[in-house]
């Protein structure tokens, strides 16, 4: 294992902000101050404004002596305090990042973000090795999509899942008050974890040993991107519930695709905007929900009759930074930052932090009366194990083509914290 080296540390935040990404930032700062800074190995702790974009421009903020009470308030504040970036550095860009590290005498590089951020760490580290510049690079996990390999779950997901669950609880109560068909579109282009979290809104279903095929509470239909989406089957699913109840509550991932892998959004949305990578814009648009709603009106309108009442909402960015973070998420996000600083103190040259579940949390599923309590710990994994890779929902978390399993409920429920209980007449 390499020996410790003296210099400065740079810290950045990348990708979509979350309710707890600042917990991770504060965790890194605290870990450095208690370890490498106290021991004299790190002189200054520099925050990158808007990630590597700010680093290459010399736009940095000195966090070395920031008051602890200010850090504590910052940790409880949603969004990325340093500012974030969607830049996906290529080799030339990473050369500029490495040059900026040399200019700042940075020997420790911490980057908080998803799989692209871990890939940035990997590229910069490999480039530093080739150029004989000793730069230690550490990735701190963050993503509401929960799509990082090697992790049981990622900081940011539990809080976003909590928002989705509570929003769908309220939305279902609205739906039974003024019946109709309601569609909620949830983030998740390739991974359905966040969409699946809507199942936690089904309060009464916990009385069942197995998740019933047609649930007592909404959402009755949940469509994740891991299962091929068929428009005709979707219409039939909705009709089977709407014809009996006069209402139907549906949650759909923004990334649903057909059996050929074509995004439904790209199929239905005419003149859709695309991002820098050629992907159809989904999160910032309500078009997918509107198009699905129009389809249902067309297909379910009786001859000579009125179309059904259909409404759609796209949660979009609002689910990322809602200021009611999961307690577990707050704790684990901060601990993941501290763990990254500890890896540096131990002399590791690089690595990504991963969360490992060591206690199932079945007590939460059982109302904390029995079962096993939830616990987690952290481990170092190679950057290459996470970088530029996407984790998907495991098959055991899905039930059929429009539902999730009890295993997913058991997995997710301990992470989101206590949810409100409602009563119905």
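The values are calculated or read from the model by the stated rules, or taken from the named source; none is laboratory data. Just so it is clear, the model here is predicted, and its values are computed rather than measured. Heads up, the Cβs are rebuilt from the backbone with ideal geometry, glycines too, and the neighbour counts pull from every protein chain shown.
Among the residues of the range 178-194, is there at least one that is assigned by TED's automatic domain parsing to the domain that holds residue 219, closer than 21 Å to residue 333 by Cβ and in a helix (DSSP H, G or I)?
Within the range 178-194, one or more residues are assigned by TED's automatic domain parsing to the domain that holds residue 219, closer than 21 Å to residue 333 by Cβ and in a helix (DSSP H, G or I).
Quick one: would you say residue 235 is at pLDDT 95 or above, surrounded by fewer than 22 Cβ atoms within 10 Å (Cβ to Cβ) and more than 30 Å from residue 377 (Cα to Cα)?
Against the criterion (at pLDDT 95 or above, surrounded by fewer than 22 Cβ atoms within 10 Å (Cβ to Cβ) and more than 30 Å from residue 377 (Cα to Cα)), residue 235 qualifies.
Is it the case that residue 63 is in contact with a helix residue (DSSP H, G or I) (Cβ under 9 Å, 6 or more places away or on another chain) and buried (at least 18 other Cβ atoms within 10 Å of the Cβ)?
In short, yes.
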